[in-house]
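Inspection log for the structure reproduced underneath, given as structure tokens.
What follows draws every value from the coordinates through simple rules; no lab data is involved. Remember, predicted model here, so these are calculated numbers, not experimental data. When we count neighbours, we look across all protein chains shown, and the Cβ atoms used for this are built from the backbone with ideal geometry, even at glycine.
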Amino acid sequence: MAEVIIIGGGPAGLSAAGTLAKAGIASTLLEQRATLGGAIHRQPVGSAKPVSVSTAARHRFERLMQGIATPLVRLRVSTTFLGIDGDGCMLTESRTDGTVAALKADAVILATGAVEKIRPVPGWDLPGVSTAGGLQVMLKETSTPPKGRILLAGNGPLLIALAAQMIRAGNPPLMIVEAGNPLAHPVAAFGLLAHTTLLREATGYTLDVLRSGIPWKRGACLTGITARDDALEATILHADGRTEIVAADRIALHDGIRENDIGLPAARNNGKPIILKAGDCRQALGVFAAVADGERAGSEAASLLRGNKAALTRFERRIDRQVAAQRLLAHIFAPALPLPPLSALPDDCTLCRCEGRTVGDLKALLTVKDGLSGREVKHNGRFAMGSCQGRFCAANTAALMAALRPDVPAPTLRDLTGQRWPVRPVSIAALIGAASNETTNDHEVRS
Amino acid sequence: MSDNTFLWQGQPIAFTAGESIAAALTAAGIMNFGPDMAGRDTRYFCGIGACQGCLVQVDGRLTESCLTPASAGLQVTNAGGTHG
Amino acid sequence: MTRTELPSSVLIAGCGIVGAATAFFLARRGVDVTIIDREGPAAAATGAADGAVSVASKRPGPMMVAALSGVALYRQLLAEGVLADLFTPRSTFIIAASDEECTVLEAHGAALSGEGVTVETLGRTALAQRFPALSPSARMGAEVKGDGHAIGYRIVNRLLSTSGVTVRRGVAAKHLIEAANGRIAGIATDKGEFRADAVVIAAGNGAASLLRLDGVMKPRKGQLLVTERAPALNASMPGSIMSGRYLLSKGSQKGGPASGRGYGLVVDPLVTGQFLIGGTREDSDARQTNDFDAVKHILADAVALVPGLADVRLLRAFAGVRTAVVDSLPLVGRWPVHDNLFVAAGFEGDGICLGPVMGQAIAALVCGEQPTLDLSPFTPSRFSACEVAA
């Protein structure tokens, strides 16, 4: 019997597993956290109560969970994914005891979701500053709102979604600083009428934020953070050109999402294993596309394993609709004024936190007459060479390189990050102790 | 030792069942998780194990505090292995 | 061009350490140099090397002589400031863990001493004192003094930025352009023709097709690992270690594998506080892949000798494809048939150590001088394949 491994228990992974099960194909779904759901349907841990979500969202998650409620779907939670080696072997690490295992399968569906984009500003790497998604993880898992004065800053719909959830949980944010001005695009917003559920959820969040009366600074941006006493001070550049200093206990940043695919191999529909990508890790389009894309990947895997032709058009139509919806959202949230260019950042602003590399370090490296490639910048400047393997600095480094050298082709993310396992650092002791090439059948674990 | 605390740099930190070490430290008001192996401050950031910026040592093993559930009696120290 | 005259321009194919060093020494003489590379500087073997600048693994013979000159040149360039901060002098410790290994290590240490290398043989107790990070299984060590470490891609970057030569990235050489007088006029590439007074082929495995060297060179892959920082363990290591196990086999530490894959353990404490751990030698050209079995094998060997590494995290695995020559000696010298064509390739695992000294020697040859280093053991004319027009 064919073995399929699915990496990631978010909407795409759950949907792929359910689709495979419907086709009678067994799969093992790996999830790094203790609960399923992914970023959007993240579940409370222990005895915490779930955060309030819309009826549509609750039903969507229930449907996904019903799809995997079959012996054909085996779950391995608290298991992180370390990548796929040159022999097609999947490496995993247990979050509870740190042990490493190597798994073989006929097909693997990578559904590792998205990572947040964070525009660097001076002080983005200070303790107390996190991503908005990071703040949301804690809120959803513990059902306890983060304490203190919390400033949300950046760009995109997640900021108001998080603000609405914080309001419902009992500690509204101090302020939302949003580069776009979504209320200034009524015509574009009208286009969202074609996307009923998305519009209903977005409207709900927006109304919550407007009703709460918390300052929602649109067309504004955060330009720097400093630590003062036991708190943080954020410098805000408002739409009217005014600068304001706001004291906060915590600051959450968010500038959109991108595919969480660093280090992952390219998709391929032959070989062992077959490698497919689903959801945000293939193209960051959000939850609606992720569910459809999980179905697509599940159907494609089933067809490839059985050697028949998959009919994927209907999934592609659904995904195309979400591409259109995301395009509308991007238009609605487009920065109202041009954001300060990365090249205007002060030299001491951190670009690569892991290796402590700054804007000035990159500028100094680029003064040679030849156009250094992304790989040379990585090697000689140590950008994207650290523990996060470029997940938070590679894109910013590439963008700043492009801004500083408009006449040289910009490096790709892959030039800076490479494409190899392990996709995250792993204990040497655990690697040595790993069992080689076990099959998933022997180790069934249900949460 | 109480059954719902772990030790952070020798001090007891309360946690609720299932909570990550990072969440428990944050709830206790600890934002700075101390120096990493290169001497740079670590802190909770992405929440999903991607940024490696919240590394701590748990019973001597280096791990992401955002992805590691707290459990009673764990000895958690900063990633750089220094005390204070 | 006569033998006493500088060429007005030189074209170098290949921007690894050998090409960059050749360019550096030519530019120092005032020669106009252009380097072309299919990808860019240090994109192939140089960018995925263990960085040993070492005579420790050498046996008496031409490679020992070359390695001694190679290390001496690194020291000289460090003293001159050219390689400031990039060459780290340190000892290499060859470690024996069995009776058999101890016997051969003693003989090897004596052979190195005979060549003028400073070697201190350390028994179990002395070794444990000098190198406390080693496992008690280390029975004996030979501390080879005077060695050092250099990161290949950083050396290339420094040589290029210091000399200011022109590097044309993303230019793939297709074939040599022959001139009517039997000389080489330049190289035809996918971006047009590049012409020069003299041409140097320093293109690693790419040299085989440019020079039609089928059967003389073959790709040899090496997998390497880098750990995260572990400052205390790193600081406790007075040098790099090399397992003495290789001494039991006939080949050199960096020689070819007996079967498809061989292992030779090296652990180098890097200045960042990280460790570089190697490696495999494989008959393969798949440079994009690392496999779990190899990584696990290398790490198990490393932890057996340095137990403290078990607590460190593996950060990155990578692979390089080196160029091996069938008789295990590189090809360095003037091309037999074309007076203005030169080759320097096939260094396998010794490119970082030998790159600068070979680049210096080729630069001298190109300028019509006799290099200080005797290149005759490496002459391309030892292969009949090199006696035909390229």
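Report, in whole Å, the centroid distance computed from the Cα atoms of segment C:299-358 and segment A:229-272.
Segment C:299-358 and segment A:229-272 have Cα centres separated by 41 Å.
Over 23 Å, how big is the tail of the calculated P(r) for segment C:140-267, in percent of all Cα pairs?
Value for segment C:140-267 (Cα pairs over 23 Å): 59 percent.
Give the residue from C:G204, C:P136, C:F383 lying farthest towards the positive end of the charge dipole for the protein assembly as shown; charges sit on Cβ (+1 for Lys and Arg, -1 for Asp and Glu) and the dipole is referred to the Cα centre.
Positive-most Cα among the choices belongs to C:G204.
Picking from A:S27, B:F33, C:Y246, whose Cα lies most toward the positive end of the charge dipole for the protein assembly as shown (charges on Cβ: Lys, Arg +1; Asp, Glu -1)?
A:S27
Just want the ordering: B:D59, C:D293, A:D415, from fewest to most Cβ atoms lying within 10 Å of their own Cβ. The partial results should precede the final answer.
Numbers: B:D59 12, C:D293 17, A:D415 20.
Listing B:D59, C:D293, A:D415 from fewest to most nearby Cβ atoms yields B:D59, C:D293, A:D415.
Counting only other chains, and only Cβ atoms inside 10 Å, what mean value do you get across the residues of A:86-97? Present the calculation step by step, with values, prior to reporting the outcome.
Details: counts 13, 6, 2, 3, 1, 2, 0, 2, 0, 7, 3, 1.
Average neighbour count from other chains, rounded to a whole number: 3.
Under the Kirkwood approximation for Rh and a Cα-based Rg, what ratio Rg/Rh is obtained for segment C:1-146? If you can, show how the numbers build up before the last one.
Details: Rg = 19.8 Å, Rh = 18.1 Å.
The Rg/Rh ratio comes out at 1.10.
Rounded to the nearest 500, what is chain C's calculated 222 nm mean residue ellipticity when only DSSP H runs of at least 4 contribute -39500 (n - 2.57) each, over all residues? Present the calculation step by step, with values, prior to reporting the outcome.
Values: 9 runs with 106 residues, N = 390.
Estimated from H runs of four or more residues: -8500 deg cm²/dmol.
What relative contact order, as a whole-number percentage, does segment B:5-78 give when Cα pairs under 8 Å and 6 or more residues apart are counted? The partial results should precede the final answer.
Working: 145 pairs, mean separation 28.6, N = 74.
Rounded, it is 39 percent for segment B:5-78.
Out of C:A363, C:A150, C:A286, any idea which swings most in a Gaussian network model of chain C, alpha carbons joined below 10 Å?
C:A286
Using unit Cβ charges (K, R positive; D, E negative) and no other charged atoms, how large, in debye to the nearest 20, is the dipole of segment A:118-255 about its Cα centre? All intermediate terms of the calculation are to be shown ahead of the outcome.
On the way: 12 positive and 12 negative charges, 62 e Å.
With only Lys, Arg, Asp and Glu charged at Cβ, the dipole is about 300 debye.
Over segment A:117-162, what lengths in whole Å, largest first, do the semi-axes of the equivalent ellipsoid take, defined as the square roots of 5 times the eigenvalues of the alpha-carbon gyration tensor? Walk me through the intermediate numbers first.
Numbers: eigenvalues 68, 36, 17 Å².
Equivalent ellipsoid semi-axes, largest first: 18, 13, 9 Å.
What is the Rg over Rh value, at two decimals, for segment B:5-78, using alpha-carbon atoms and the Kirkwood definition of Rh? Walk me through the numbers on the way to the answer.
Values: Rg = 10.8 Å, Rh = 11.8 Å.
Ratio of gyration radius to Kirkwood radius: 0.91.
Gap in Å between the Cα centre of segment C:50-94 and the Cα centre of segment B:43-59?
40 Å
Calculate I(q)/I(0) for segment A:343-411 by the Debye formula, one identical point scatterer on each C-alpha and no solvent, and give its log10 at q = 0.22, 0.24, 0.25, 0.27 Å⁻¹ to two decimals.
Result of the Debye calculation: -0.88, -1.05, -1.15, -1.34.
Give me C:E5, A:E31 sorted ascending by neighbouring Cβ count inside 10 Å, so fewest comes first. Numbers along the way, then the final one.
On the way: C:E5 10, A:E31 26.
Starting with the residue having the fewest Cβ neighbours, the order is C:E5, A:E31.
Using a Förster radius of 41 Å, what is the FRET efficiency between A:L339 and A:A311 based on their Cβ-Cβ separation? Nearest 0.05, please. Write down the numbers at each step before the final one.
Working: r = 43 Å, r/R0 = 1.06.
Plugging the Cβ-Cβ distance into 1/(1 + (r/R0)^6) gives 0.40.
Using the Cα centre of segment A:280-437 as the reference point, and only Cβ charges (+1 on K/R, -1 on D/E), how large is the resulting charge dipole? Debye, rounded to the nearest 20. Numbers along the way, then the final one.
Values: 21 positive and 14 negative charges, 99 e Å.
Charge dipole, segment A:280-437, about its Cα centre: 480 debye, nearest 20.
What net charge is computed for the residues neighbouring A:T19, neighbours being all others with C-beta under 9 Å from the C-beta of A:T19, Lys and Arg scored +1, Asp and Glu -1? Working shown, then result.
Numbers: positive: A:K22, A:R296; negative: A:E295.
Result for the local shell: +1.
In a GNM of chain A with a 10 Å cut-off on Cα contacts, which of A:A48, A:A399, A:A248 has the highest mean-square fluctuation?
Judging by the Gaussian network model, the answer is A:A48.
Working from the pairwise distances between different alpha carbons, so that the mean of 1/r is found and then inverted, what is the protein assembly as shown's Kirkwood radius in Å? Don't skip to the end; give the middle numbers.
Working: mean 1/r = 0.0338 Å⁻¹.
Hydrodynamic radius (Kirkwood, Cα only) of the protein assembly as shown equals 29.6 Å.
What is the diffusion coefficient of chain C in µm²/s, taking the Kirkwood radius over Cα pairs and the Stokes-Einstein relation at 20 °C with a viscosity of 1.002 mPa s?
Details: Rh = 21.2 Å.
It comes out at roughly 101 µm²/s.
List the relative contact order of segment A:41-180 as a percent without decimals, with contacts defined as Cα pairs under 8 Å and 6+ residues apart. All intermediate terms of the calculation are to be shown ahead of the outcome.
Details: 139 pairs, mean separation 31.2, N = 140.
The value is 22 percent.
Hey, what angle do you get for helix C:351-366 against the long axis of chain C, alpha-carbon based, 0 to 90 degrees rounded to 10?
For helix C:351-366, the angle is close to 30 degrees.
Can you pull the three principal axis extents for the Cα set of chain A, in Å, largest first?
The principal-axis extents, from largest down, are 65, 54, 41 Å.
Helix C:62-80 sits at what angle to the longest principal axis of chain C, using alpha carbons and giving 0 to 90 degrees rounded to 10?
That helix lies at roughly 90 degrees to the long axis.
To the nearest 10 degrees, how steep is helix A:157-169 against the longest Cα principal axis of chain A, on a 0 to 90 scale?
90 degrees
Among C:L315, C:A107, C:V303, pick out the residue whose Cα is farthest towards the positive end of the charge dipole of chain C, where Lys and Arg carry +1 and Asp and Glu carry -1 on C-beta, about the Cα centre.
Working it through, the farthest residue towards the positive pole turns out to be C:L315.
Identify which of C:R38, C:R334, C:R169 has the largest mean-square fluctuation in a Gaussian network model of chain C, with springs joining Cα atoms closer than 10 Å.
Ranking C:R38, C:R334, C:R169 by mean-square fluctuation puts C:R169 first.
For chain A, what does the helix formula give at 222 nm: sum of -39500 (n - 2.57) over DSSP H segments with n ≥ 4, over the residue count, nearest 500 deg cm²/dmol?
Values: 13 runs with 149 residues, N = 447.
Calculated at 222 nm, the ellipticity per residue is -10000 deg cm²/dmol.
What FRET efficiency do you get for A:A435 and A:L366 if R0 is 45 Å and r is their Cβ-Cβ distance, rounded to the nearest 0.05?
Values: r = 47 Å, r/R0 = 1.03.
With R0 = 45 Å, the Cβ-Cβ based efficiency is 0.45.
Using all alpha carbons of segment A:155-260, what is the percent of pairwise distances in each 5 Å bin, ordered from the shortest bin to the longest?
For segment A:155-260, the binned pair fractions read 2, 11, 19, 22, 21, 14, 7, 3, 1, 0 percent.
Taking a spot 7 Å from the Cα of A:S54 along the direction of its beta carbon, which residues of segment A:308-325 have an amide N less than 20 Å from it?
So the set is A:318-325.
Once you keep just the Cα pairs under 8 angstrom separated by 6 or more residues, what percentage relative contact order results for segment A:118-255?
Details: 255 pairs, mean separation 48.4, N = 138.
This gives 35 percent for segment A:118-255.
Can you list the cysteines of chain B that have no other Cys Cβ under 4.7 Å away?
B:C54, B:C66
Using a simple charge model, +1 on the beta-carbon of Lys and Arg, -1 on the beta-carbon of Asp and Glu, nothing else, what dipole does segment A:343-411 show about its Cα centre, in debye to the nearest 20?
On the way: 9 positive and 7 negative charges, 39 e Å.
Magnitude of the dipole: close to 180 debye.
In which sequence would B:S20, A:S143, A:S94, C:S376 go, from the one with the fewest C-beta neighbours within 10 Å to the one with the most? Walk me through the numbers before you get to the answer.
Working: B:S20 27, A:S143 19, A:S94 16, C:S376 11.
Least to most surrounded, the residues fall as C:S376, A:S94, A:S143, B:S20.
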